[in-house]
1. Is it the case that some residue within segment 187-194 is touching a residue at least 12 places away in the same chain (Cβ under 8 Å), farther than 19 Å from Val154 by Cα and away from the ligand (no atom under 14 Å from the Cβ)?
2. Kindly indicate the residue of segment 37-68 that is outside any loop (DSSP other than H, G, I, E, B) and among the charged types (D, E, K, R) and also least open to solvent (accessible area, probe 1.4 Å) among those meeting that condition.
3. Among the residues in segment 8-15, are any of a type in the set (S, T, N, Q) and open to solvent by less than 60 Å² (accessible area, probe 1.4 Å)?
4. Does Asp143 fit the bill of being touching a residue at least 24 places away in the same chain (Cβ under 8 Å) and either surrounded by 19 or more Cβ atoms within 10 Å (Cβ to Cβ) or in contact with a Lys or Arg (Cβ under 9 Å, 6 or more places away or on another chain) (or both)?
5. Please go through segment 18-36 and give me each residue that is outside any loop (DSSP other than H, G, I, E, B) and open to solvent by 10 Å² or more (accessible area, probe 1.4 Å), ordered by number.
6. Yes or no: Leu91 open to solvent by less than 50 Å² (accessible area, probe 1.4 Å), touching a helix residue (DSSP H, G or I) at 6+ places or on another chain (Cβ under 6 Å), closer than 26 Å to Gly150 by Cα and at pLDDT below 95?
7. Answer yes or no: is there a residue in segment 276-286 that is open to solvent by 50 Å² or more (accessible area, probe 1.4 Å), in contact with a helix residue (DSSP H, G or I) (Cβ under 6 Å, 6 or more places away or on another chain) and either more than 25 Å from Gly93 (Cα to Cα) or outside any helix (DSSP H, G or I) (or both).
8. Within segment 129-140, is there a residue that is farther than 13 Å from Leu74 by Cβ, under 15 Å from the mean Cα position of the chain (by Cα) and hydroxyl-bearing (Ser, Thr, Tyr)?
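The values are calculated or read from the model by the stated rules, or taken from the named source; none is laboratory data. Not measured: the values here are computed from a predicted model. For neighbour counting, all protein chains shown are included, and Cβ atoms are generated from backbone atoms with ideal geometry for every residue, glycine included. For accessibility, only protein heavy atoms count, side chains too; no ligands or nucleic acids. Shrake-Rupley method; radii C 1.70, N 1.55, O 1.52, S 1.80 Å.
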Amino acid sequence: MTSVAQGTGVGRGKVILLGEHAVVHGCPALAAAIDRGATAMARRSAEARLSISPWDVDVARADALPLARAFDALLTAMEIDDVQIEATVSLPGGAGLGSSAAIGVAVLRAIDALCGRSRDQSSAEELALIWERVFHGNPSGVDTAMALAGGVAVYLRNPPPGQERLRVVRPKAPFRLVIGESGEGASTKEMVDEVARQLARAPERTQKTFDAIEALVKNAELALIAGDLRAVGQLLDMNQYLLSSLMVSTSLLEEMCAAARDAGALGAKLTGGGGGGCMIALVDSDERASAVEEAIQALGRPARTILAGGNT
Ligand code: PMV
């Protein structure tokens, strides 16, 4: 172990292509890292502090804010207290793009780099979850696993013995996703609690919905590998329908998905916890991407296109 004067770390943002919410209850989810995320720089300091730009956050570990509590929990788990972190995030918060996980992963990697420690994926996942639990209560771990690994992958919260939690998927070709921001603030924790209440109230019906989502995830993985984007699009639409039945969609998200489909998207759905946040639309050309972006912007909401499934 060789200590250095400063350490840096990166964590990626992600979109869940299919399977959010069901993944909390043990079903697989298909997710893709995106080209935005968080970076962090760690230095030794007498007082442990964390600053995040451009969010204008600067906390000490004893502060009461969730970010300070997450920082404190992480430092305790990493057995370090004399560190100062400057993080930069290029994702909107509370939008279903995994900003908290990306920051947590960037911070823990920066600390590891500062201390000259190396760590395998599963140990890093455990640590990042300690951070993430402060924000999300009962996270499945998909955000933190994707923030660490990048690429496209199927995530399973409790894999059978001998199987990894994260399995890399290699799409036949990179694919374009338009990401639209509803601008509606949403708490993933509240949405996850709401779905858990539905499961408690109507176990059979809710479990059937999860099973149906699981079937969509498995088919979407095969379709991505085969390069059948039309099929992936249809599966996204079906997943959106099931998410609406779990009552995690909103009228605005429905409107944005409908506008994207009308403008030529192959399929569209919310991504992440729902109740607001972002939606994604799959498109098969740059022209379609521009048309879908414009359709979402015509609703007064920001949209941009990313390329997923490449080296991200
Ligand atoms: O809103 P996000 O990006 O944190 O995604 C949440 C995804 C859920 O499946 C709803 C929750 C989870 O922990 O997997």
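1. Within segment 187-194, none of the residues are touching a residue at least 12 places away in the same chain (Cβ under 8 Å), farther than 19 Å from Val154 by Cα and away from the ligand (no atom under 14 Å from the Cβ).
2. Filtering segment 37-68 for residues that are outside any loop (DSSP other than H, G, I, E, B) and among the charged types (D, E, K, R), the one least open to solvent (accessible area, probe 1.4 Å) comes out as Arg49.
3. There is no residue in segment 8-15 that is of a type in the set (S, T, N, Q) and open to solvent by less than 60 Å² (accessible area, probe 1.4 Å).
4. Criteria met by Asp143.
5. Hits for segment 18-36 are Val24, His25, Asp35, Arg36.
6. yes
7. For segment 276-286, residues open to solvent by 50 Å² or more (accessible area, probe 1.4 Å), in contact with a helix residue (DSSP H, G or I) (Cβ under 6 Å, 6 or more places away or on another chain) and either more than 25 Å from Gly93 (Cα to Cα) or outside any helix (DSSP H, G or I) (or both): present.
8. Yes - at least one qualifying residue is present in segment 129-140.
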